[in-house]
Structures are given as structure tokens and as C-alpha cells.
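Enquirer: Pasting in a structure now, in C-alpha cells, and then I'll have a few things to ask.
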Ligand code: PEP
């Protein structure tokens, strides 16, 4: 049996849907309720750090992901890094995936390409599946797709420096995140093909930016699209389940 066939047999959903809950919900009880409602094969649930353990305990089908980590990775997992969380800690909590370089962290926390690269190297070395977020701001996209490609190429080159193992790339045009204004699927496809050209044709690419049950099919109908990173819609259990139902049929 080919690896792809095996994956399909185990996971009826051929695409990956990543739920990025960001700084939500507000209590562990709410997080567990949401996790139970979204617990499906082919889904990665990324709660805030304080809820990772509680959510992991309830998941039967979905995988657990973290929204960030720190690059220092001493063998003991510890160190003088106030507020930070190591690869080892995440793995012990049962996380298999980690989101790195989300535009909100680049913007609000001042994460640079160099910091993001250190995180990717550390997470990959530690055996977590990396979901690296890249994407251009509106000022760049306004200049056209060529400018967007150059912007993303620079991010990929810097963020993936010295990274040998495969990573998942989430193409998230910044102007499409949380705005209700998704990219045009045909433009995303152009960007995804370009990203594969830069990062290697075997790299898997997600789209993120205002994905809903109304538009998910228009993005994921292309074979080049590995899946979607879903923010706002992943906080609404019913809407998220609609997305999963649609994606399962693709
Ligand atoms: C995100 O958090 O990366 C995201 C794409 O959010 P939203 O789906 O709300 O645009």
C-alpha cells in the first residue's frame, strides 16, 4: 500500500485543517467543550498554552498543536528564559505540531525572521511538525503578485535557513487575516505554486485568511493545496464542523 493510500485509509479527510484559537477561549471548560466539538481526524487544534493539557486529555481523533515555542532547547528543557516554553515541554504535553512566525507575533511581539528561523530549527530538531506562517502586507500586495512573491521568497529564505526536514508552510496574506476579506483562490494558487518552487515541490502548503464554510471549497479544491489554517471560524463549533464536512467530501 502506498503511503498516500495508507494516509487516506486512516484519515478520510485528505486535507489538513488547523484550528488556531489564538488567545481564546477564556476558560478551560470552554476550551474543552470546543475541542470536543472539533475533534476530527485531519484536524490540528492549537489552543493557548494554559489549555494544552486539558484539551489533549479530551482529544480522541484530532492532533494537538501549540501556537508558539522558544528556540532555546537545552537537554533538560529548562533555562533562564522568563515566560518561554520549550520543545520538550510541548512534546511532553502531547503536542505534535507548532505554529511558528504567525503575522500577529511578527507584528505585536516584534518577532524577526532570525528569531523565527531559530524557532523553526529548534522545533524541527526536536521532532515537532512545524507550521511556518508567511505572507505579505497589503502595501506589498497592492503592487501586484510579483511583489508578493518577492516578499514571501525573502521570508522563506530567511525563516528556513539551515532547515533540512520538511515543514508545512501556511500562506497567509496579512490583509486577509481576520478581515472577512479572503484572497482570490486563483491568486492563492499562484502563490502556493511559487512557494513550492522556493521551498521544494514536496513541501505542503496551507492557505489562511478569513476561511469560512462559504469559501473553503474554492481554496481547497486544488490538488496543490494541502489544507487551511482557520482562525476566527475555528472558535465557532458549528461553523468549524461545516468546514470539516465540506473538506471531507473533497
Ligand atoms: C489566522 O489566525 O491565521 C487566521 C487565518 O485567522 P482568520 O481565519 O480569522 O482570518
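Derivation of every value follows stated rules applied to the coordinates shown; laboratory data play no part. What you see is a predicted model, and the numbers here were worked out from it, not measured in a lab. All Cβ positions, even for glycine, are placed from backbone atoms using ideal geometry, and neighbour counts span all protein chains on display.
Enquirer: How much length would be gained if the chain were fully extended between residue 157 and residue 214, taking 0.36 nm per residue of separation minus their Cα-Cα distance, in nm to one decimal?
Expert: 17.2 nm
Enquirer: Another question about this same structure. Using mean Cβ contacts within 10 Å as the protection proxy, how do 123-134, 163-174, 138-149, 28-39 order, highest first? Before the final figure, lay out each step's value.
Expert: On the way: 123-134: 22.7, 163-174: 20.8, 138-149: 14.2, 28-39: 17.3.
Result, highest mean Cβ count within 10 Å first: 123-134, 163-174, 28-39, 138-149.
Enquirer: Also, I was wondering about something else. Using the basic label-point model (7 angstrom from Cα toward the beta carbon), what is the residue 187 to residue 14 distance in nanometres?
Expert: Roughly 2.7 nm, to one decimal.
Enquirer: Based on alpha-carbon centroids, what's the gap between segment 64-89 and segment 34-59 in Å, whole number please?
Expert: 20 Å
Enquirer: Next question, about the same structure. Taking the Cα centroid of segment 102-135 and of segment 181-250, what is the distance between the two, rounded to the nearest whole Å?
Expert: 20 Å
Enquirer: Between rounded, prolate and oblate, where does the chain land on the alpha carbon gyration tensor, with a ≥ b ≥ c its root eigenvalues, rounded for a/c under 1.5, else prolate if a/b exceeds b/c?
Expert: Values: a/c = 1.37, a/b = 1.06, b/c = 1.29.
Rounded is the answer for the chain, as its axis ratio a/c remains below 1.5.
Enquirer: Take residue 222 and residue 164, extend 7 Å from each Cα along the Cα→Cβ direction, and tell me the distance between the two endpoints in nm.
Expert: Distance between the two pseudo-spin positions: 3.2 nm.
Enquirer: Moving to a separate point now. Measuring from label point to label point, each 7 Å out along Cα→Cβ, what is the residue 249 to residue 84 span in nm?
Expert: The two pseudo-label positions are separated by 4.7 nm.
Enquirer: So if we plug the beta-carbon distance of residue 150 and residue 58 into 1/(1 + (r/R0)^6) with R0 = 51 Å, what FRET efficiency do we get, rounded to 0.05?
Expert: Details: r = 44 Å, r/R0 = 0.86.
The pair residue 150/residue 58 has a calculated efficiency of 0.70.
Enquirer: Can you sort 53, 68 by how many other beta carbons sit within 10 Å, fewest first? Kindly include the intermediate steps, with their values, before the conclusion.
Expert: Details: 53 14, 68 20.
Neighbour counts put them in this order, fewest first: 53, 68.
Enquirer: Helix-only estimate, please: 222 nm mean residue ellipticity of the chain, summing -39500 (n - 2.57) across DSSP H runs of length 4 or more and dividing by its residues, to the nearest 500. All intermediate terms of the calculation are to be shown ahead of the outcome.
Expert: Working: 11 runs with 100 residues, N = 250.
Counting only the DSSP helices, I get -11500 deg cm²/dmol.
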